[in-house]
Amino acid sequence: MAFEGLAERLQGTIQRIKGKGKVSEADVKEMMREVRFALIEADVNLKVVKEFVKKVSERAVGVDVMKSLTPGQQVIKIVKDELTELMGGEQSPIQFAKKPPTVIMMVGLQGAGKTTTTGKLANILRKKYNRNPLLVAADIYRPAAIQQLQTIGKQLSLPVFSLGTDVSPVEIVRQALEKSKEDHNDVIIIDTAGRLHIDEDLMQELKDIRALKEPDEVFLVVDSMTGQDAVNVAQSFNESIGITGVVLTKLDGDTRGGAALSIRSVAQKPIKFVGMGEKMDALEPFHPERMASRILG
Ligand code: GDP
């Protein structure tokens, strides 16, 4: 389960402060020591931990003057508010084009879950938003990726546009845009190539696709289990090509949660969705407040 370790640690601390009628500076200090330790253990970026602890401490000292709740509960509320803020505050919705088709580009490193997420997202777009998406197979370097997308398309009964591996990704996307007009697809989701590492060729290719028609969303797919690497990948992609949001996959298997807590603050882009399993319905919108509640129990 996601955040298992962090939740366990924080809940112990919370139990101790919960019933206090007066919260002293020493209580806050002790709690913050434990919070800091719990966050570091959860693999949260160190700078993020420091800022978080500073913010909560500043707000928490002196809450005993507040009357509405018991001071202990007030401190817990501050921690929850700041955790929510850390993860982006509000849920961040999908941006649709004013004039269809909406273009969504999926980018990320190989193995992050890009192709799977492309299918999951299309599924949500059809079911929840009543859209008619076209999936575009633009990862020409891995024939298996094209097949995988075609299999997903069949499974979901959704069209997949592919020109095999001999046509350039830019040309594939250009033709896919034409095709979407003919077939009245109001969203196109482009499954771009992933590499094992970030390299110039990959970034240039993504920039070339971007230049063809400005996408409404550029979703970076990252594997939450890779922790701080995921955060660094998000920062690099954002600096290099500019992303509009992050999809954090494999949160179902991530017991630490460091990436979920650090990405927003480090890469300055919201987490839009989280992957919670391998199945096509295992993609959920990311709700910072619900996630904070889950962590704090
Ligand atoms: P790509 O190389 O980025 O296109 O990655 P794939 O879409 O092929 O996914 C790599 C592996 O991760 C596959 O086995 C997927 O089933 C798995 N995967 C993707 N998303 C999730 C998720 O949210 N949870 C779990 N448990 N597995 C996932």
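The values are calculated or read from the model by the stated rules, or taken from the named source; none is laboratory data. Because the structure is a prediction, the values reported are computed rather than measured. Backbone-built Cβ (ideal geometry, glycine too); neighbour counts: all protein chains shown.
Applying a threshold of 8 Å to beta carbon distances and a minimum spacing of six or more residues, or different chains, the list of pairs starting in region 171-195 at a residue that is on the phi > 0 side of the Ramachandran plot and ending at one that is modelled with pLDDT of 95 or more and not in a strand (DSSP E or B) reads His184/Asn132. Among the residues of region 248-270, those that are hydrophobic (A, V, I, L, M, F, W, C) and crowded, with 23+ Cβ neighbours inside 10 Å comprise Leu248, Leu251, Ala259, Ala260, Leu261, Ile263, Ala267.
Residue pairs whose Cβ atoms lie under 6 Å apart, separated by 6 or more positions or on different chains, with the first residue in region 219-238 and touching a residue at least 12 places away in the same chain (Cβ under 8 Å) and the second basic (Lys, Arg) and part of a helix (DSSP H, G or I), are Val221/Lys114. Scanning region 106-145 for residues that are within 11 Å of the ligand (Cβ to nearest atom) and among the β-branched types (Val, Ile, Thr), we see that the one that is surrounded by the most Cβ atoms within 10 Å (Cβ to Cβ) is Thr118.
In a residue-by-residue description of region 94-104, the property of being crowded, with 23+ Cβ neighbours inside 10 Å, within 16 Å of the ligand (Cβ to nearest atom) and modelled with pLDDT of 95 or more applies to at least one position. The lone criterion from (1) modelled with pLDDT under 85; (2) not in a helix (DSSP H, G or I) left unmet by Arg16 is number (2). When the residues of region 10-58 are filtered to those that are on the phi < 0 side of the Ramachandran plot and acidic (Asp, Glu), the one that is surrounded by the most Cβ atoms within 10 Å (Cβ to Cβ) is Asp27.
Kindly check whether there is at least one residue in region 218-239 that is aliphatic (A, V, I, L, M), over 30 Å from Val48 (Cα atoms) and within 25 Å of the chain's Cα centre (by Cα). No; the residues of region 218-239 include none that is aliphatic (A, V, I, L, M), over 30 Å from Val48 (Cα atoms) and within 25 Å of the chain's Cα centre (by Cα).
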